[in-house]
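Everything below concerns the one structure shown next.
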Amino acid sequence: MDRVDIELKRAQRYQIFVSLLVYDLSSVSSNNTDNNNSLTHKILQAVVQAVRAIDNVSLLASNKIALLLPETNRQGAEIASKRISSVVQTCLESYGSQLNVETVAPAMASYPDAAGMKSIKDFLTDFSSQPN
C-alpha cells in the first residue's frame, strides 16, 4: 500500500499514468496447500522476470499477485496483461493444470481513468480485503 500511495502521488503531481493489475490465483488452488504455494511462488518469480525494472510485483494474501505499473496507461496495462497472462499460462501448464489463462485474467485499474472507475487505492483496498 505504501508503494501504491507513492506512485499515485507521483502520478498526480507529474500528471502521468499508473496502472495496477491483480491476478487472483485462487481458482488454480488444489487440495494440496504445499503444491498450491509452490505454484503461486513459481508464477510470482516468472512474473518478476517478465516485467520492467520499474514495475513492482507483490503477493497479496496467499493467492493474489499484484503488479504496479508506473507510467503505464490503461492501454499499456492491457498489453502488459496479455504478456503476463502468457507467462501465467506457461506456469500452469508446467504444473499440469488444465486451466485456461482466462480463468486467471487480471482485474485492472488505472490512474487517471477517464471512465470514472474506482480509484486504484480503493481497488487495491477492496481486493486485498477479500477473503482467500
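On the given criteria, is Leu68 more than 14 Å from the chain's Cα centre (by Cα) and either modelled with pLDDT of 95 or more or open to solvent by less than 30 Å² (accessible area, probe 1.4 Å) (or both)? So Leu68 does not fit the description; no. Can you run down the residue pairs with Cβ atoms below 9 Å, 6 or more apart or on separate chains, where the first is in region 26-44 and among the hydrophobic types (A, V, I, L, M, F, W, C) and the partner is open to solvent by less than 70 Å² (accessible area, probe 1.4 Å) and modelled with pLDDT under 60? Between residues of region 26-44 that are among the hydrophobic types (A, V, I, L, M, F, W, C) and residues that are open to solvent by less than 70 Å² (accessible area, probe 1.4 Å) and modelled with pLDDT under 60, the close pairs are Leu39/Ser29; Leu39/Ser30. Looking across region 61-89, the residues that are outside any helix (DSSP H, G or I) and of a type in the set (A, V, I, L, M, F, W, C) come down to Ala61, Ile65, Ala66, Leu67, Leu68, Leu69.
The listed residues are Leu8, Leu39, Leu92, Leu99, and the only one of them that is more than 15 Å from the chain's Cα centre (by Cα), part of a loop (DSSP other than H, G, I, E, B), among the aliphatic types (A, V, I, L, M) and at pLDDT below 95 turns out to be Leu99. Among residues of region 11-27 being at pLDDT below 85 and touching a Leu at 6+ places or on another chain (Cβ under 8 Å), the one that is most open to solvent (accessible area, probe 1.4 Å) is Ser27. From the list Arg52, Arg83, the lone residue that is modelled with pLDDT of 95 or more and either touching a Leu at 6+ places or on another chain (Cβ under 8 Å) or of a type in the set (D, E, K, R) (or both) is Arg52.
Each residue in region 102-132 was checked for being closer than 19 Å to Val18 by Cα, exposed (fewer than 12 other Cβ atoms within 10 Å of the Cβ) and modelled with pLDDT under 65, and 3 pass.
The values are calculated or read from the model by the stated rules, or taken from the named source; none is laboratory data. Computed from a predicted model, the values in this text were never measured in an experiment. Cβ coordinates were reconstructed from backbone atoms using ideal geometry, including for glycine residues, and neighbour counts include every protein chain displayed. Please note that ligands, DNA and RNA were not included when accessible areas were found on the heavy atoms of the full protein model with its side chains. Shrake-Rupley method; radii C 1.70, N 1.55, O 1.52, S 1.80 Å.
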